[in-house]
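Student: Okay, handing you the structure first.
The values are calculated or read from the model by the stated rules, or taken from the named source; none is laboratory data. Note that the coordinates shown come from a computational prediction; the quantities given were computed from them, not determined experimentally. Positions of Cβ are backbone-derived with ideal geometry, glycine not excepted, and every protein chain shown enters the neighbour counts. Note: accessible area is taken over every heavy atom of the protein model, side chains too, but ligands, DNA and RNA are not part of it. Shrake-Rupley method; radii C 1.70, N 1.55, O 1.52, S 1.80 Å.
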Protein chains: 2
Amino acid sequence: MTPTTPPRPTPAEQTAPSGEAAAPTACPAAFAMELVAHKWTIHILFALHRADAPIRFRKLQRETAPITQKELTKRLRELERSGLVARRIFAEVPPRVEYRLTDLGRTLMPALVGLHRWAEQHGGEVVDHWRRAERESG
Amino acid sequence: MTPTTPPRPTPAEQTAPSGEAAAPTACPAAFAMELVAHKWTIHILFALHRADAPIRFRKLQRETAPITQKELTKRLRELERSGLVARRIFAEVPPRVEYRLTDLGRTLMPALVGLHRWAEQHGGEVVDHWRRAERESG
DNA sequence: CTGCATCCCCTTGGATACTG
DNA sequence: CAGTATCCAAGGGGATGCAG
């Protein structure tokens, strides 16, 4: 028997679902930050930035490896919906779909490049600290 | 036929677990990026930046709401281990633990501020695009 | 042949209760 | 007050099937 009466504490009451944000209820800036502060989003945007030209899905996936197609699709939809990325479909055989940064998307790049620079400059220190802590604490 | 033979494709073989990166195998820069490109990490670092002084756990949680204690603890340990955040424990009652940015952590802030500025300047556009797509596609 | 949706499963993150 | 342990829903990875 299942007299369980599932506790069901507070099922679903999030303010900003990171995966599929329904509607930015609060601050737009926070919404934009959440969009960008995602593991794969930055990789994708950088790949598009480096390409500096329309790039096909498959190629994009290789550039952002080891991302999965599922995740890449998801994030591209999200970015497209946010106006940072544009998708162009060619009605031809074999099918071709190209992605590119929009003007709005390009405005993001300086900040992302800054982040990337920091990572390149201080990544070594971070890893060093990490390894040291690993040695000390076990 | 016994369809048993569970497909069992490739159970667990990840290269870079984002949650608890064991050891930065590849590029340190990539490791640092993954560390920063996390939903809560940026919020936490900004809170520490704004405080500009040692801040207690509870206070930090309020500043980074609606983060959970579990997540805050996890990310703080990660940041501490990476050398971006320092933790100081006071052996007193009631217990007190203070967190602060390290010098290394401060080097990150300019880049993060840049990101934040972008979010404040263009967050409106992002939300606008989002809403428009929502209206057009259903 | 390319891109996307679906399935299953494991990991991550949120919420609560409890201990030092 | 700080932190851990536990339960549970959701997110993300892998493989496959399908549509254009």
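Student: List the residues of segment A:22-70 whose accessible area drops by at least 40 Å² when all protein chains are present, compared with their chain alone, using a 1.4 Å probe and counting only protein heavy atoms.
Tutor: For segment A:22-70, once contacts with the other chains are taken into account, A:24, A:28, A:29, A:31, A:32, A:33, A:34, A:37, A:39 lose 40 Å² or more.
Student: Quick one: with label points 7 Å out along Cα→Cβ, list the inter-copy distances for residue A:68 in nm, shortest first?
Tutor: Nearest to farthest, the other copies are at 2.2 nm.
Student: Specify the inter-centroid distance of segment A:86-138 and segment A:32-56, based on alpha-carbon positions, in whole Å.
Tutor: Distance between centres, Cα-based: 6 Å.
Student: Pulled fully out, how much extra length does the chain show between residue A:103 and residue A:53, if you take 0.36 nm times their separation in residues and subtract their Cα-Cα distance?
Tutor: Here the segment from residue A:103 to residue A:53 would lengthen by 16.7 nm.
Student: Here is a further query. Give me the net charge of residue B:29's neighbourhood, meaning all other residues with Cβ under 14 Å from the Cβ of residue B:29; Lys, Arg count +1, Asp, Glu -1.
Tutor: On the way: positive: A:117; negative: A:120, A:125, A:128, B:34.
Every neighbour counted, the sum reads -3.
Student: Please identify every one of the GluC sites (Glu not before Pro) in segment B:62-112 that sits in a loop by DSSP and has no more than 16 other beta carbons within 10 Å of its own beta carbon. Spell out each step's value before the answer.
Tutor: Values: sites: B:63, B:71, B:78, B:80, B:92, B:98; in loops: B:92.
Filter output for segment B:62-112: B:92.
Student: Right, next: In nm, give the distance between the simple-model label positions of residue A:62 and residue A:132, each being 7 Å from the Cα along the Cα-to-Cβ direction.
Tutor: Each label point is offset 7 Å from its Cα along the Cβ direction, giving 4.1 nm.
Student: Right, next: With respect to the cross-link table entries A:59/B:74; B:39/B:59; A:39/B:70, which display a Cα-Cα separation exceeding 30 Å?
Tutor: Going by Cα-Cα distance, A:59/B:74 fall outside the 30 Å limit.
Student: So, one more: Roughly what percent of Cα-Cα pairs across segment A:25-105 reach past 21 Å?
Tutor: Numbers: 825 of 3240 pairs.
Value for segment A:25-105: 25 percent of Cα pairs lie more than 21 Å apart.
Student: How far is residue B:106 from the same spot in each other copy, in nm, shortest first, if each label point sits 7 Å from Cα toward Cβ?
Tutor: Taking the point 7 Å beyond Cα along Cα→Cβ, the inter-copy spacings are 3.7 nm.
Student: From the label point of residue B:88, set 7 Å from Cα along Cα→Cβ, how far away are the matching label points in the other copies, in nm, ordered shortest to longest?
Tutor: Spelled out, the distances from residue B:88's label point are 5.7 nm.
Student: Using only atoms on other chains, find how many Cβ atoms lie within 10 Å of each Cβ of peptide B:112-121 and report the average. Show your work: numbers first, answer last.
Tutor: Values: counts 6, 2, 7, 10, 4, 3, 10, 13, 6, 3.
Taking the mean over all residues of the peptide, I get 6.
Student: Follow-up. Can you give the FRET efficiency to the nearest 0.05 for residue B:69 and residue A:26, using r as the Cβ-Cβ distance and R₀ = 25 Å?
Tutor: 0.70
Student: Kindly compute the accessible surface that chains B and A hide from a 1.4 Å probe when together, both sides summed, and give it to the nearest 100 Å². Walk me through the intermediate numbers first.
Tutor: Working: alone 10720 and 10660 Å², together 17130 Å².
About 4200 Å² of accessible surface is lost on pairing.
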